[in-house]
Every structure is written in structure tokens, then in C-alpha cells.
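Engineer: Below you'll find the structure I mean.
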Amino acid sequence: MKLHSNATLTPTGRLSLVHAVKQDEMTLNAAAAAFKVSTVTARKCVQRFGVEGAVGLQDRSSRPARLRAPTPPKVIRRIERLRRQRITGARIAKLTGLSTTTVSRVLKRLPEISTSEQS
């Protein structure tokens, strides 16, 4: 995993922070100030080290742990039918009770409506 370009601490820095708190008996606030991070960040590092060990200090993915539920095929077909009637995405969202973002995402995935169908 690539290191975040604006990260204050690397995994090695996080380990040093934990050792400062655990072995050097530095207070959490003092260690946070010394490593130029918030007390919340320092506490998170110490807790992760306690639960997972050094592996817990590695960089983590920012991808959500849970992804959204896919739009049901029945709803996708309804969006497509409404779009073929030349209804705008915002109006489709109101008619279907979906967000405009969801309707837009579905419309982007649909195959292009050919010019012969639009005439």
C-alpha cells in the first residue's frame, strides 16, 4: 500500500510513538505533542498496538468496509423506460423516490440510446 503523501506518521513513526508511551512512560499528551499529532491519533495508535501488535500500525485502506447495496434490476429497468420517454434525471429521481446521484449512476451504466430511437 502506498503511503499517504500528507501522513504525519509512517508505520515506523507510529511504532516509535507507541514505544515512547509504553516503554519511556511518556504521557499520551506529551507523546502526541512530540510526534506532532493529536491526542486522539496517539491514543488510536496505542490502542491498535495493544490489540493487533505492530501489524495494527500499518497503513489501512480508506475504502469503506461495507459497500452500498446494488440497485435492483426492476428499478434499473424503470429508470431506463422513463429515460427513453426523454424525462430528465432529476424528474426520474422524483418519480422513483431515488436520489439524483443514484439515477445518474444508473444512467451512466446504461447503453447509449441510439439516435434512431430519439427521433
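Engineer: Tell me the per residue accessible area of the chain using a 1.4 Å probe; a whole number in Å² is fine. Write down the numbers at each step before the final one.
Structural biologist: Working: 8870 Å² over 119 residues.
Per-residue accessible area for the chain comes out at 75 Å².
Engineer: I would also like to ask the following. Taking the structure as given and computing Cα extents along the principal axes in Å, which label from (i) 45, 31, 27; (ii) 52, 26, 16; (iii) 76, 25, 23 fits?
Structural biologist: (iii)
Engineer: For segment 44-92, what is the largest minus smallest coordinate of the Cα atoms on each principal axis, given in angstrom and ordered from greatest to least?
Structural biologist: Computed over segment 44-92, the largest-to-smallest principal extents equal 59, 19, 13 Å.
Engineer: Straight-line reach only, C-alpha to C-alpha below 22 angstrom: list the lysines that Lys74 could link to, leaving out same-chain residues fewer than 8 apart.
Structural biologist: Lys94, Lys108
Engineer: Let me ask something else. Return the FRET efficiency for the residue pair Arg77, Val51: r is the Cβ-Cβ distance, R0 is 41 Å, and the value is rounded to the nearest 0.05. Write out the running numbers ahead of the final one.
Structural biologist: On the way: r = 47 Å, r/R0 = 1.14.
According to the calculation, E is roughly 0.30.
Engineer: Please list, or write none, the lysines whose alpha carbon is within less than 20 Å of the alpha carbon of Lys44, excluding same-chain residues fewer than 8 places away.
Structural biologist: Once the sequence-local lysines are set aside, what remains near Lys44 is Lys22, Lys36.
Engineer: Then there's this: What nm distance separates the two modelled labels at Asn29 and Asp59, each placed 7 Å from Cα along Cα→Cβ?
Structural biologist: 3.3 nm
The values are calculated or read from the model by the stated rules, or taken from the named source; none is laboratory data. None of the values given here were measured: they were computed from a predicted structure. Note that each Cβ is placed from the backbone with ideal geometry, even for glycine, and that neighbours are counted across all protein chains shown. Side chains are part of the model used for accessible areas, which takes the heavy atoms of the whole protein and leaves out ligands, DNA and RNA. Shrake-Rupley method; radii C 1.70, N 1.55, O 1.52, S 1.80 Å.
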